[in-house]
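The values are calculated or read from the model by the stated rules, or taken from the named source; none is laboratory data. A quick note: this is a predicted structure, and the numbers were derived from the prediction, not measured. Here the Cβ positions follow ideal geometry from the backbone for every residue, glycine too, while neighbour counts run over all protein chains shown.
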Amino acid sequence: MVVISLFFMWGFITVLVDSLIPRLREVFELSYFQAGAVQIAFFSAYLLVSIPAGFLLARIGYKRGMLIGLATMGIGCLLFWPAASTRAYPYFMLAIFTLAAGMTVLQVAANPYVAVLGSEEGASSRLNLAQAFNSVGTTIAPIIGANYLLSDHILDGKAIEALSSTDRAAYMVQEASAVQGPFVVLAGALLLLAVLVGAVHLPRILDGETFGSYAATFRKGRLIRGAVGIFLYVGAEVAIGSYLVNYFLSMDLADVVRADSTMGWIADLLGKDVTGMDAKGVVGVFVALYWGGAMIGRFVGSFLTRIYRPALVLMIFGLLAITMILISISTTGFVSMWSILAVGLFNSIMFPTIFTLAIEGLGPLKPQGSGILCTAIFGGAVIPPLLGLLADGFGFKVAFLLVISCYFYVTYYAWNERRAT
């Protein structure tokens, strides 16, 4: 249960940081480009830290790796205090990178640890269940952010410029305090979690094993194919999530949603009143369903991968994701909207299932393998801009062919692994 709480925590913090971006942009007086660069700082940690983390993990063990990850995340949270006080953009980026670096170490340690806690046959089921609690964190975080962190009014740039110098300074101090408090609380929670992890007896898995090298790990074709799968899957998932609002706006779905009374129960469920929102707000309400689908799918996937071969379940989910996108780009209105939202449900099992298939049979090379696989998460910083570039030139209907190709590879990978086992 302590290990599962780690999955919840990094999912919660990841989305909570996104929820704070509107406030952080005002505190640091960032341009939209600078605010968007947060994702580059975040995903760069996976690119730069994952492989060194796997190297470290092979020598100090999973438990100590988790403790180092939690400690680094705590330091990242505390760095928001001086960053908010000085309103210095470089400090802000350093805080984001440090937080993401700790999260990277935690993932490199926790994912394979859950996978090796029992039989290899049940590894996908266990990791899907653990990742489901990660999705619980990503589902709760926006609610916490909206109701407790962003509940007061945030002034836009023109309103801030209209304030007197004294009022502007007072407003910035107030905004800085609003950013500092939550991250100090998070740092305390991470410290408490580190104490619990340190105090609880966890099975010692790596002790006494002879560790291989990264050179040997890179020669494992199954692992490298899995890393490509994670790169493309994460890129496709983030790309769809990043552009859903724009996609819906391009189809004028906001007016359709307002006109359909059956949509009211969903808005009520999410605590939103769509009648007074602008078009972006209306369709944005339904984007939560895309990410919420992952939580439901992982609980279901934990059951399915226990009774069916994980590669078979992954192949079917990959085919269903492709089918949903094809339906979306070939239709309009609610059919198009609901089909693309359903992709979130079929995304659910992809990361944990690809991960466990890729490290199966690695033995003492699992820490290095985990480092390589977590490096591939950097796909979340590569595929979305490419989708945006295609959308600018050809529209979303054509651009989504890119994510179809990503899911096609995932499906092929699953088919190949199913045939090999």
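Within region 161-181, the set of residues being under 26 Å from the mean Cα position of the chain (by Cα) and modelled with pLDDT of 70 or more comprises 180, 181. Here residue 405 meets each of (1) at pLDDT below 95; (2) surrounded by fewer than 19 Cβ atoms within 10 Å (Cβ to Cβ); (3) under 15 Å from residue 238 (Cα atoms) with one exception, condition (1). Are any of the residues in region 368-376 farther than 19 Å from residue 220 by Cα and not β-branched (Val, Ile, Thr)? Scanning region 368-376, I find no residue that is farther than 19 Å from residue 220 by Cα and not β-branched (Val, Ile, Thr), so the answer is no. A single member of 111, 128, 147, 134 is modelled with pLDDT under 85, surrounded by fewer than 19 Cβ atoms within 10 Å (Cβ to Cβ) and of a type outside the set (Ser, Thr, Tyr), and it is 147. There is no residue in region 342-350 that is polar (S, T, N, Q), surrounded by fewer than 23 Cβ atoms within 10 Å (Cβ to Cβ) and in contact (Cβ under 8 Å) with a residue 40 or more places away in the chain. Restricting attention to region 367-383 and to residues that are of a type outside the set (Val, Ile, Thr) and surrounded by fewer than 24 Cβ atoms within 10 Å (Cβ to Cβ), the residue that is modelled with the highest pLDDT turns out to be 378.
You will find that of 234, 184, the residue that is within 17 Å of residue 359 (Cβ to Cβ), at pLDDT 80 or above and of a type in the set (Val, Ile, Thr) is 234 and no other.
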